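Have a look at the structure below, then the notes.
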Amino acid sequence: MSRPRLINRDEASAPLERELLVRIHDLMVKTRALEERLIQMYKQGHGYFWIGGPGEEAFNVPLGLLMKRGQGLDYDYLHAHYRQSGTMLALGEEPIGALRQMKNTATDPYSGGRNFAGHFSKREWNIAPVSSPIEVQYSIAPGTAMAQKRHGGDGITIVTGGDAGTAEGDFATCLVWSSRPANPLPILIIVTNNKWGISTSADGQHGETRISDRGRAFNIRSKTINGNDPIESYRELKEAMDYVRTERKPFLMEALVSRLYGHSSASGANFVANEVDPIKEFEAKLEKDGVLTRQQMDELRGRYTEELAAAARQVRDEPQPAPETIWNHIYAEKK
Amino acid sequence: MANMAQAVRMALHYAEENLGVMDIFGEDVGAPLGGVFTATQGLKNAWNSPLDERGIIGAAIGLAMAGQRPVAEIQFADYIFNTIDLLKIAGNTHWSSNGDWNLPMVVKTPVGSGIRGSIYHSHSFDATATHIPGWKIVMPSNPLDAYGLMISACQELNPVMFLEPKALLRVKGEERIPGEPEDERQLSKMIDAPLGDRTAWKPQWPALEPYAVPIGKGKVVREGTQVTAVSYGRTLPMCAKAADTLREQGVSVEVIDLRTLWPYDWDLVKGSIEKTGRVLFVNEDTEVTNFGEHLVRRSVEELFYKLLAPPRLLAGKFVPGIGLSDNLEMASVPQLGDITDALRKLASEEP
Ligand SMILES: Cc1ncc(C[n+]2csc(CCOP(=O)(O)OP(=O)(O)O)c2C)c(N)n1
């Protein structure tokens with residue numbers, strides 16, 4: 001699935017259709033406004049813990065836009081990690097759900113007040129529950145991919161996680177199970193590389209030059225991309241997903257991304273000035289190319305900030321789950 | 001009569017024909033071996049996975065998420081411990097997603113002593129398994145129950161841990177599996193793979209009938225009035241034997257096969273303790289933080305005033321492993337003599 005190589009880099013990232021660019025930008029800003037609201041809620045005591053993806057919007061939004069959304073084997077499965085609000089919003093999710101999970105209300109659509117922020121789950125869209133033990137999703141994802149391979153069609157499985165977590169055996173599990181000659185799987189294996197664990201930098205831990213190089217040993221097609229550029233992300237994801245959809249084989253993608261508010265509330269959740277801000281960069285480009293004006297973009301930001309502040313006020317008054325509900329849903333029952 | 005390995009195989013055959021089981025997998029589970037205990041021999045949906053326990057449990061979770069009904073095997077329970085966090089996830093997914101996702105998956109694994117397996121082929125898993133909420137845990141003690149419990153497991157909406165007492169996998173049953181031919185040599189000819197080249201071999205399955213042992217229901221295997229013995233798995237037939245011996249000596253023992261460890265049949269246990277006033281819980285997992293300790297606690301808390309003697313637990317010794325030497329294994333886990341003695345003592349204990 002090679003595409004024509006363009007010599008000039010600027011040309012290579014020539015703009016997608018204007019409408020798509022505006023949509024991506026809109027969702028990136030919406031995601032950022034959501035995350036900043038979540039951080040504020042945490043800091044004001046309206047939540048116990050924050051973890052999320054400010055800095056990863058340029059990659060996560062295109063991913064959500066490109067997914068085939070729906071329930072069951074004909075649609076894409078996402079085994080996400082905890083930094084993917086951008087993917088959820090791009091799929092069409094309303095941001096208030098994330099606020100409800102932060103406030104652990106009974107109305108939290110992902111866990112009913114049981115799980116951390118950023119731990120999305122939505123069976124209706126094949127979004128597998130995000131789990132706190134990192135990387136386990138890499139062991140689980142081959143299962144949905146196996147079922148999809150047998151089923152036929154063009155639904156694929158997507159799994160994402162962080163760079164530090166690739167040291168876990170589950171990452172190797174994913175490479176091994178996805179590339180078995182007996183049954184190669186339609187799975188897009190993604191690593192978002194922000195160069196950090198919590199406080200441990202990648203320099204001290206990674207012997208491999210690129211994480212994507214690990215795919216080579218398994219004959220898995222692989223690539224490292226700039227996940228801070230939404231246009232490159234969109235193109236590369238589309239190409240990789242097309243390959244997985246049609247060839248029914250795995251693809252390993254490493255996306256280089258930023259971590260703009262540190263690891264989580266555990267590390268303070270304060271803005272980190274020395275990381276690339278993908279929204280800032282994208283906006284400069286959109287302005288330069290005459291796609292959007294500074295004023296339009298500022299207005300958009302202001303509007304989302306206000307909307308989320310209003311949503312947070314609404315969530316504040318919603319009930320907490322009742323204590324006796326701890327006994328609900330231990331087992332599924334036949335109806 | 002079929003042995004337990006054959007019974008499990010027949011249940012899985014029934015499940016792949018009738019219950020939508022499309023994946024039966026694990027290390028060496030597919031052809032040519034059909035499992036190290038032959039419990040998956042000849043099954044059309046059995047396949048060999050990579051040698052990766054985390055991958056096996058993970059794939060089973062993923063398959064279940066995708067609406068399949070996987071049956072995954074961990075070759076020996078001794079090797080399931082490096083998957084504990086995945087087992088926890090399988091157990092908590094329904095709860096943590098507030099009822100949105102459920103995982104209809106079965107994990108089967110041979111447990112316990114009895115084959116001189118030394119320290120890494122003799123572990124029990126019942127105490128650990130019962131410590132992971134969200135699972136149903138079954139452990140048959142005879143082939144017919146193995147057949148019926150496996151069929152129930154393959155109909156469940158929830159994760160089921162199917163513990164196979166390895167000491168009993170080769171023991172023939174006393175009751176026929178519905179559909180099993182009368183002559184056991186004929187059965188063997190039909191469903192046991194020949195030694196040597198098996199490439200052309202295909203099993204000839206008997207016309208099996210549905211038969212389900214409901215999950216959560218125990219069974220009284222000996223009726224008695226003086227003392228209750230509650231057990232499961234390898235130690236259950238020993239308890240029955242001990243009861244037979246003691247009956248000849250004038251001691252009446254009621255023996256309960258728990259069959260399901262979670263959710264367990266407390267009504268049955270409670271009723272029996274109320275009748276006899278004395279209870280001995282028997283299993284072979286190490287005795288500290290043993291599942292039997294939970295049963296002792298519950299007996300004391302709920303039935304204190306009905307008891308004629310303290311509830312007791314006879315379990316494996318709290319030592320790091322089971323040594324290979326015959327003497328070491330026999331000394332580490334309850335044997336027939338230990339059970340008979342413990343029951344006799346308890347029966348004569350007066351308040
Ligand atoms: C199995 C496991 N070990 C440790 C942790 C604690 N922990 C949470 S996030 C994290 C760092 C993860 O880094 P990375 O995989 O690069 O993902 P990122 O958070 O940077 O996106 C650690 C150590 C955990 N959640 N799970």
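Worth a mention:
- Pairing residues of the stretch A:139-153 that are closer than 9 Å to residue B:63 by Cα with residues that are hydroxyl-bearing (Ser, Thr, Tyr), at Cβ distances under 6 Å and at least 6 apart in sequence or on separate chains, gives A:141/A:157; A:142/A:178; A:144/A:77; A:144/A:157; A:145/A:157.
- Subset of the stretch B:53-100 that is under 18 Å from the mean Cα position of the chain (by Cα) and of a type in the set (D, E, K, R) - its residue that is farthest from residue B:27 (Cα to Cα): B:78
- Exactly one residue out of B:151, B:137 is in contact (Cβ under 8 Å) with a residue 24 or more places away in the chain, closer than 30 Å to residue A:328 by Cβ, crowded, with 19+ Cβ neighbours inside 10 Å and within 14 Å of chain A (Cβ to nearest Cβ): that is B:137.
- Residue among A:286, A:308 that is hydrophobic (A, V, I, L, M, F, W, C), closer than 22 Å to residue A:95 by Cα and more than 14 Å from chain B (Cβ to nearest Cβ): A:308
- Screening the stretch A:146-159 for residues that are hydrophobic (A, V, I, L, M, F, W, C) and under 21 Å from residue A:87 (Cα atoms) and picking the one that is nearest to the ligand (Cβ to nearest atom) gives A:159.
- Residues satisfying the stated conditions in the stretch A:160-191, i.e. among the aliphatic types (A, V, I, L, M), within 13 Å of the ligand (Cβ to nearest atom) and either closer than 18 Å to residue B:60 by Cα or part of a helix (DSSP H, G or I) (or both): A:164, A:167
- Where residue B:8 falls short, out of the listed (1) over 28 Å from residue A:186 (Cα atoms); (2) part of a strand (DSSP E or B): (2)
- Residues of the stretch A:115-124 that are more than 16 Å from the chain's Cα centre (by Cα), without any contact (Cβ under 8 Å) to a residue 24 or more places away in the chain and more than 15 Å from the ligand (Cβ to nearest atom): none at all.
- Among the residues of the stretch A:135-145, those that are touching a strand residue (DSSP E or B) at 6+ places or on another chain (Cβ under 8 Å) and within 14 Å of the ligand (Cβ to nearest atom) comprise A:135, A:137, A:138, A:140.
- Among residues of the stretch A:125-138 that are within 18 Å of residue A:89 (Cβ to Cβ) and more than 10 Å from chain B (Cβ to nearest Cβ), those with a Cβ under 7 angstrom from a residue that is more than 14 Å from the ligand (Cβ to nearest atom) and not in a loop (DSSP other than H, G, I, E, B), sequence gap 6+ or separate chain, pair up as A:125/A:91.
- When residue B:69 is tested against (1) more than 10 Å from chain A (Cβ to nearest Cβ); (2) closer than 27 Å to residue B:315 by Cα; (3) not acidic (Asp, Glu), just one condition goes unmet, and that condition is (2).
- Where residue A:265 falls short, out of the listed (1) among the small types (Gly, Ala, Ser); (2) within 16 Å of the ligand (Cβ to nearest atom); (3) modelled with pLDDT of 95 or more: (3)
- Matching residues in the stretch B:268-302 - criterion: being of a type in the set (Val, Ile, Thr) and closer than 23 Å to residue B:226 by Cβ: B:269, B:273, B:276, B:279, B:282, B:296, B:300
- A count restricted to the stretch B:50-64 and to residues that are more than 8 Å from chain A (Cβ to nearest Cβ) and surrounded by 24 or more Cβ atoms within 10 Å (Cβ to Cβ) stands at 2.
- Taken over the stretch B:107-129, the residue count meeting the criterion of being crowded, with 20+ Cβ neighbours inside 10 Å and either basic (Lys, Arg) or within 14 Å of chain A (Cβ to nearest Cβ) (or both) is 2.
- Residues (of a type in the set (Ser, Thr, Tyr) and closer than 10 Å to residue B:165 by Cα) located in the stretch B:106-121: B:109, B:113
- Residues of the stretch A:243-268 that turn out to be of a type in the set (D, E, K, R) and closer than 16 Å to residue A:184 by Cβ, as a count: 4
Residue by residue, here is whether (1) in contact (Cβ under 8 Å) with a residue 12 or more places away in the chain; (2) farther than 28 Å from residue A:161 by Cα; (3) within 21 Å of the chain's Cα centre (by Cα) holds:
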site: A:202; (1), (2), (3): yes, no, yes
site: A:215; (1), (2), (3): yes, no, yes
site: A:223; (1), (2), (3): yes, no, yes
site: A:231; (1), (2), (3): yes, no, yes
site: A:247; (1), (2), (3): yes, no, no
site: A:263; (1), (2), (3): yes, no, yes
site: A:302; (1), (2), (3): no, yes, no
site: A:314; (1), (2), (3): yes, yes, no
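- Taking the stretch B:194-247 as the range and being modelled with pLDDT under 95 and of a type in the set (Gly, Ala, Ser) as the test, the residues that pass are B:196, B:200.
- Of the criteria (1) away from chain B (no Cβ under 14 Å); (2) within 16 Å of the ligand (Cβ to nearest atom); (3) without any contact (Cβ under 8 Å) to a residue 24 or more places away in the chain; (4) assigned to a loop (DSSP other than H, G, I, E, B), which one residue A:198 fails: (3)
The values are calculated or read from the model by the stated rules, or taken from the named source; none is laboratory data. Since the structure is predicted, the reported quantities are computational estimates derived from the model, not experimental observations. Neighbour counts run over all protein chains shown; Cβ positions are idealised from the backbone, glycine included.
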